[in-house]
Amino acid sequence: MSLLSVALAALRVYAAGAAVILAQLLRRCCGGFPEPVFPQQPDRVAIVTGGTEGIGYATAKQLARLGMHVIIAGNNDSKARDVVRRIQEATLNDKVEFLYCDLASMNSIRQFVHNFKAKEIPLHVLVNNAGVMMVPQRTTEDGFEEHFGLNYLGHFLLTNLLLDSLRASGSPSHSARVVTVSSATHYVGQLHMEDLQFRRCYSPHGAYAQSKLALVLFSYYLQHQLSAEGSAVTANVVDPGVVDTDLYRHVFWGTRVVKKLLGWLLFKTPEEGAWSSVHAAVAPEMEGIGGHYLYNEKDTRSLAVTYDRELQRQLWARSCAMTGLRDTSDDVM
Ligand SMILES: NC(=O)c1ccc[n+]([C@@H]2O[C@H](COP(=O)([O-])OP(=O)(O)OC[C@H]3O[C@@H](n4cnc5c(N)ncnc54)[C@H](OP(=O)(O)O)[C@@H]3O)[C@@H](O)[C@H]2O)c1
Ligand SMILES: *[C@@H]1O[C@H](CO)[C@@H](O)[C@H](O)[C@H]1NC(C)=O
């Protein structure tokens, strides 16, 4: 039975991926992905988690090109030094820097926020982008299953600790924005409220999909609270499509062979993948808009269960307990 559920989770994830790839192939053949144009963003500050690789790197570079002060949050110092230099050279923007943040450690996240706040600069955009996919069963420093702990809880904690900075930096005519990167795999995800840590029967596919589903629920409930308090901060979630990055290093070898041979045709480039995040972060038409799931930069319906306010609230409360945050969400009910 359990083996069956592990196999089914894998099949569902592959089916979701195949559907997106097919849609992308059709689109590639009918004109492709036109490069969007965004207005310059002088004097605005962004944090991009996982900005050293893949979609995050492309996001950080595009935001830097728009003149933003970009802070890359990542967990590899030596890689980051090189990345910062490359982005500075490519964009001629020297306001690009790195701050260490291991999202698999709550201690490190708290230290990162402390270091960021010590800079006494505003924060207009937070891009929750870092992630791992289908890693073998492992736990974070705090003992959480890695997908859940890093992809989801890490960003839950980070966002909550940075909310006061975001609130202080947004204004009624120009809100601050939280952008969270989910995935089409959330459509096949299930929230295992009785076993969020996958202790009973580990499925790397199930665990990845659950983390991406949790991020959608989180983003919607965050927006619900922000709207209720009338704050000038918005929260949206984006789906970058299937993108040619190293995220696939843990997937079945056959998939990696296909990606190597046909990635150029079937997958989006990291630059194209980043447009979803950049759109949510700076596009004028997104001003004041929150609680959306954006796919190919368009408002799209996410999985039905993500709109379940009671489930959102339960997950929020559990997440507060797991990260040691005070749950103030009931105040806005
Ligand atoms: N690629 C796709 O097809 C696809 C599809 C849907 C959604 N997504 C989502 O897009 C996001 C970016 O993925 P990607 O494809 O660009 O993958 P990627 O190339 O593997 O990049 C992931 C980034 O996350 C960082 N990261 C990993 N563990 C971290 C930790 N403990 N602390 C801080 N940073 C950490 C990585 O840093 P290091 O390199 O230093 O480890 C890297 O910069 C992920 O959330 C992913 O779920 C991707
Ligand atoms: C950090 O990045 C460098 C350069 O990409 C790589 O060689 C090294 O293995 C990485 N370190 C860790 C701890 O992942």
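The values are calculated or read from the model by the stated rules, or taken from the named source; none is laboratory data. In this text, all values refer to a predicted model and were calculated from it rather than measured experimentally. Because the Cβ atoms are built from the backbone with ideal geometry, glycine has one as well, and the counts that use them run over all protein chains shown. Ligands, DNA and RNA are excluded from the accessible area calculation, which covers all protein heavy atoms including side chains. Shrake-Rupley method; radii C 1.70, N 1.55, O 1.52, S 1.80 Å.
Quick notes on this one:
- Other residues within the sphere of radius under 12 Å centred on the Cβ of Leu262, judged by their own Cβ, net out at +3 (K and R +1, D and E -1).
- Long-range amide H partners of Ile47 with built H, under 5 Å: Ile71, Val125, Leu126, Val127
- Each residue of segment 222-228 was assigned a 3J(HN,Hα) from its phi angle through the Karplus curve 6.51 cos²θ - 1.76 cosθ + 1.60 (θ = phi - 60°); the sequence is 4, 4, 4, 5, 5, 5, 4 Hz, with glycine and proline shown as x.
- Karplus-derived 3J(HN,Hα) values for segment 170-179, using 6.51 cos²θ - 1.76 cosθ + 1.60 with θ = phi - 60°, are x, 10, x, 8, 8, 6, 7, 10, 9, 10 Hz; glycine and proline are entered as x.
- Under 5 Å from the amide H of Phe98 lie the amide H atoms of Ile72, each residue being 5 or more positions distant or on a separate chain, with H modelled from the backbone and absent for Pro and chain starts.
- Label-to-label distance, nm, for residues given as Leu26 and Asp142 (7 Å Cα→Cβ offset): 4.2
- 3J(HN,Hα) from dihedral phi, segment 3-10, Karplus parametrisation 6.51/-1.76/1.60, rounded to Hz, x for glycine, proline: 4, 4, 5, 5, 5, 5, 4, 5
- Separation between Cα centres of segment 225-248 and segment 3-79, rounded to whole Å: 11
- For segment 14-86, taking Cα atoms only, Rg and Dmax work out to 15.8, 43 Å respectively.
- Counting 0.36 nm for each residue step from Asp43 to Glu310 and taking away their Cα separation leaves a gain of 92.2 nm.
- Amide hydrogen neighbours beyond the local backbone of Asn75, cut-off 5 Å, H modeled: Cys101
- Solvent-accessible heavy-atom area per residue, rounded to whole Å², over segment 3-325 at 1.4 Å: 41
- With N counted as the residues of segment 3-325, its alpha-carbon radius of gyration over 2.2 N^0.38 Å works out to 0.93.
- Solvent-accessible area, 1.4 Å probe, carbon plus sulfur percent, for the chain: 57
- Taken along the Cα-to-beta-carbon direction at a fixed 7 Å, the label points for Arg318 and Glu194 span 1.2 nm.
- Spacing of the modelled spin labels on Asp77 and Ala118, each 7 Å from Cα toward Cβ, amounts to 1.4 nm.
- Reach of Lys119 by Cα under 27 Å, taken over lysines that are not fewer than 8 positions away in the same chain: Lys61, Lys79, Lys95
- Counting Lys and Arg as +1 and Asp and Glu as -1 over every other residue whose Cβ lies under 11 Å from the Cβ of Ile87, the net charge comes to +1.
- DSSP beta bridges in the chain [antiparallel fraction, %, rounded to 5]: 15
- Zone of His174's modelled label, taken as backbone nitrogen in segment 39-58 under 15 Å from a point 7 Å along Cα→Cβ: 39-46
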